[in-house]
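Here is the structure we will look at.
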Amino acid sequence: MASFPGFLAAINRTNLMQAPPPPNPDATIKLIPPSAPMGQRAFHLLATALLSFALSILLTIVLLAKVGMMRDVIFAIREPDNGWGIAFTWFALLVIFILPLTVLVYGYRHRWLTWRVVGAAWALVIGTMIYLGQDEPVVNLPADLDEFAPVRPGDAASYQIVSRFSHTKPDVKADDRLTLSTAQLSGNETDTAVLRANHDVIEAGWNQITELREWFADMAAQPRLGDLLRKLDDPLPSFVPIRTYTRLASAHAQLLALDGHGDDALALLGQIVDVGQKLSATTRTLVRGMIGVIISKSAMGRAGYVLNHAATTPAARAKFAATLAAGVRGEGGVRRMLMIEYVTVMVPLLLDQKLGDLLYGDFGSRSSLWEYPLDGLTQVLMNPRATVNLAGAYYGEMADLGARRDFAGMKSLAAKVELEWSGWNPVKNMGGRYILSMALPALAKITEQYWQEQDARTALLVKLKALDAAK
């Protein structure tokens, strides 16, 4: 019979045999056997580090699609109301880049980040990037500028005349007192008191703008005002000198009417209407078209004042009526005005520019550090042809609604699009959608201006016909 001390010794030997071996301190940090080549271990570490970076990029894209505050800061949609948006964005980016790295380091240390796991993760990342970068095969609504707005003989010469005062040249500015007095005029009966009170100031200003008077006379003498614009940085008429001239010329015409020179007043206003119509008829940009619409409408309102306050001859009225009739464009005019923006601006802008340039660039200049990473991510954040197709569908539907004068429908469509491109839009083509959300002009308001000008023209033609019938 075994002794009690011998029995305890047997138990101890059994426990020692069953006990697990002491942990190897190196085992938890070795992902691959120590015998593996150093190059293999280094490559695995590099693949893991790059995977962390790629996952961070994908997480950033997802958050940009979902969190409006980050989009506002990075995409420069609008200036943040306070520093909270900027602080949140930097904090979110820090978390986005630390989180995948932390997970992968944990997996690396605990030996579950095998080659198979790394390969599967890379396959997922690459597949997602390919999906995000996959563009639509064709542009659904092709746009040839030369077909849409053809150049005709003589357009080069008239384009040089129009460009005499462009956004690339100094503006002609009027005296502050003069600007204040003419801005109060609207073509209503209340203008009379303002005109008489500022008679000398208006006439002095009119006599000072000889360059602008010559400019408008030269434009009015052309049978057509061509537009050769091909790039967005080509010369565009500057609105400031045009506004300066039209305000002074309109005020001068009203004073002529009060002094009994109705024919001279009507001729001066007819010149403004004529130039405005010619600018709109051949325009390759929505901006120039709207300048023409605005000055024509303003001059027509002053023409009503002239007809109410001065006698005019049948010949003067007939000439003015002929000028008005040349500007009747109806549904075709509003369709062209809206679609020219798609042809001239949207197609080349979206197809030829990188995302950073679109958001921050000024024809090649650099203004923000965000520009560089966004340029590099253009292909996955923005699908150019898909974005152009979105723009084409939007402008086409807007043109149809505008031709029917369905302003409520236009505003509803604009609100719907804005909602669809808000923080809950899909990640796919997210950058392209937000470029459009910033670039789309207020087409409903522009269309209302167009139809107001057309209605003013029709009403003035009716008034001229009634005057002729009465005499």
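Quick notes on this one:
- Screening R335, R302 for residues that are of a type in the set (K, R) and closer than 30 Å to I435 by Cα leaves exactly one candidate, R335.
- Residues in the stretch 115-137 that are more than 31 Å from the chain's Cα centre (by Cα) and of a type in the set (V, I, T): 4 in all.
- The helices (runs of 4 or more DSSP H) located wholly in the stretch 196-285 that include 1 or more residues which are over 23 Å from R457 (Cβ atoms) occupy 199-208, 210-221, 239-258.
- Selection count, the stretch 377-428, where residues are at pLDDT 85 or above and aromatic (F, W, Y): 3
- Residue satisfying all of: in the stretch 298-333; in a helix (DSSP H, G or I) and charged (D, E, K, R); farthest from the chain's Cα centre (by Cα) among these: R317
- Residues that are under 17 Å from G289 (Cα atoms) and touching a Phe, Trp or Tyr at 6+ places or on another chain (Cβ under 7 Å), drawn from the stretch 207-232: F216, G226, D227, L228
- Selection over the stretch 160-195 of residues that are part of a loop (DSSP other than H, G, I, E, B), of a type in the set (G, A, S) and modelled with pLDDT of 85 or more gives a count of 1.
- For the stretch 347-359, the condition holds for at least one residue, the condition being that it is of a type outside the set (F, W, Y) and modelled with pLDDT of 85 or more.
- Where a residue in the stretch 425-445 is in contact (Cβ under 8 Å) with a residue 40 or more places away in the chain and under 24 Å from L286 (Cα atoms) and its partner, wherever it lies, is buried (at least 20 other Cβ atoms within 10 Å of the Cβ) and β-branched (V, I, T), with Cβ under 6 Å and at least six apart: G432/T387
- Residue ID - farthest from M430 (Cα to Cα), chosen from residues in the stretch 132-151 that are in a loop (DSSP other than H, G, I, E, B) and of a type in the set (A, V, I, L, M, F, W, C): V151
- Restricting attention to the stretch 94-116, the residues that are of a type in the set (A, V, I, L, M, F, W, C), assigned to a loop (DSSP other than H, G, I, E, B) and in contact with a helix residue (DSSP H, G or I) (Cβ under 8 Å, 6 or more places away or on another chain) total 1.
- Pairing residues of the stretch 382-396 that are under 13 Å from I435 (Cβ atoms) with residues that are among the charged types (D, E, K, R), at Cβ distances under 6 Å and at least 6 apart in sequence or on separate chains, gives N383/D135; A386/D135; A386/E136.
- Residue in the stretch 429-470 that is surrounded by the most Cβ atoms within 10 Å (Cβ to Cβ), counting only those that are among the aliphatic types (A, V, I, L, M) and assigned to a loop (DSSP other than H, G, I, E, B): L440
- Per the listing G119, G127, the residue uniquely at pLDDT below 90, of a type outside the set (V, I, T) and in a helix (DSSP H, G or I) is G119.
- Note on the stretch 188-205: among residues that are of a type in the set (D, E) and exposed (fewer than 15 other Cβ atoms within 10 Å of the Cβ), the one that is farthest from the chain's Cα centre (by Cα) is D200.
- Among residues of the stretch 200-213 that are in the same structural domain as F239 (by TED's automatic domain parsing), those with a Cβ under 9 angstrom from a residue that is of a type in the set (F, W, Y), sequence gap 6+ or separate chain, pair up as I209/Y245; E211/F165; L212/F165; L212/Y245; R213/W206; R213/Y245.
- Criterion (farther than 28 Å from N188 by Cβ, at pLDDT 95 or above and either aliphatic (A, V, I, L, M) or not assigned by TED's automatic domain parsing to the domain that holds L349 (or both)) met by exactly one of D233, D264, D218: D218
The values are calculated or read from the model by the stated rules, or taken from the named source; none is laboratory data. Computed from a predicted structure; not experimentally measured. Cβ atoms come from the backbone with ideal geometry, glycine included; neighbour counts cover every protein chain shown.
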